[in-house]
1. Say R0 is 25 Å: what FRET efficiency, to the nearest 0.05, do residue 208 and residue 264 get from their beta-carbon distance?
2. Take each of the peptides 174-182, 400-408, average the number of other beta-carbon atoms within 10 Å over its residues, and list them starting from the highest.
3. Going by how many other Cβ atoms sit within 10 Å of their own, how do 102, 12 line up, fewest first?
4. Grab the eigenvalues of the alpha-carbon gyration tensor for the range 157-241, scale each by 5, take roots, and send me the semi-axes largest first in whole angstrom.
5. Give me the Debye-computed log₁₀ of I(q)/I(0) at q = 0.11, 0.13, 0.22, 0.24 Å⁻¹ for the range 290-409, equal point scatterers on Cα only, no solvent, two decimals.
6. How much length is gained on full extension from residue 313 to residue 407, taking 0.36 nm per residue of separation minus their Cα-Cα distance?
7. Could you check the spin-label model distance between residue 198 and residue 290? Points 7 Å from the Cα along Cα→Cβ, value in nm.
8. What ranking do 384, 92 get, fewest neighbouring Cβ atoms within 10 angstrom at the top?
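Just so it is clear, none of the values below were taken in a lab; they were calculated from the coordinates. From a predicted model like this one, the values you see are computed outputs, not experimental measurements. Glycine also receives a Cβ, built like all others from the backbone with ideal geometry; neighbour counts cover every protein chain displayed.
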């Protein structure tokens, strides 16, 4: 046979740490790295070799990474000489210079941070455009009102910032239509949300295109959505304008793209075409206590550890959150049944959840599985809600509520 034979004795002998002094009778081996030269072995007063932890970490460190990573297997290190180590391979950056077509992906990204829905829209745009590095592929242009963090990691080849998108919806739709015409965009995608969905419909009307709303299945060949109360499925070729339903398409998890900044400004004529047609724009004040839990962005929920519910409602109102409760509280009649959070109540899609005195039953944790940020207050350090929380406060909820209200009244 031509198969090479390994000599385990020789391999172990090559990794053996040389003994210094007659008292060092115990065999020591250097695993995962090359054998340590005898000249680098420090010897203590008793003659026993001393281990330098800094040197050990330096030997195991993986080069070329921003965060310290230790490789004890030696797979990422190749010995080219005495102590010479080759650098770890860097992630390949996908650069699309001249794509066959462009796909516009409109995102909201409040504060420059993309929401999970925004990430799914970019994932759908990446599917319509293709990888971008092969012949016949397209490119993705991320369009937002302000710069977006990590646009390249989300799959964007170009980035266009249009501050007008945050103002007059008529002017925003006109600017978006001009942008689509300038790049001859084959597709225009937006999240199916109150603001972005409305802007997508206005833009589709200006482009004289039909809108394929709440798409679920997206590929380069076809798109699909549910109809007839979910009993029917509609499939067709990808249209020019479409919106993506929440949690319908996976986020982009592939290679890193360039996300090159592009300077673009709509003409003054389009920006002023609707001047005077809109009198005022502003948010409509709404009592958070009347907002359904399924539509809430931030929920403040009470559990068995809350006894003063008047104080709880004051805190929820001061925080601007929608009040919720656990099943125990609703079963006791302390909160309405439509405020119950959990698998047997309402499954939340909120961005934030503030749990006061909730231990975290399995059904309750199922109800907040899709919540991005969770803050929990509980006296039990080992409560499941404490483990689930991004920020945990181990304290009595009854003592935390008045202290938090006092800070809010003081403007802190």
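1. On the way: r = 22 Å, r/R0 = 0.88.
Here the calculated transfer efficiency is 0.70.
2. Working: 174-182: 20.7, 400-408: 14.6.
Taking the mean over residues of other Cβ atoms within 10 Å, the ranking is 174-182, 400-408.
3. Values: 102 23, 12 12.
Ranked by crowding around the Cβ, least crowded first: 12, 102.
4. Details: eigenvalues 121, 45, 24 Å².
Equivalent-ellipsoid dimensions as semi-axes: 25, 15, 11 Å.
5. Scattering profile of the range 290-409, log10 relative to I(0): -0.29, -0.41, -1.33, -1.62.
6. Working: separation 94, 0.36 × 94 = 33.84 nm, distance 1.62 nm.
In short, 32.2 nm is gained.
7. 1.8 nm
8. Working: 384 17, 92 9.
Ranking 384, 92 by Cβ neighbours within 10 Å, fewest first, gives 92, 384.
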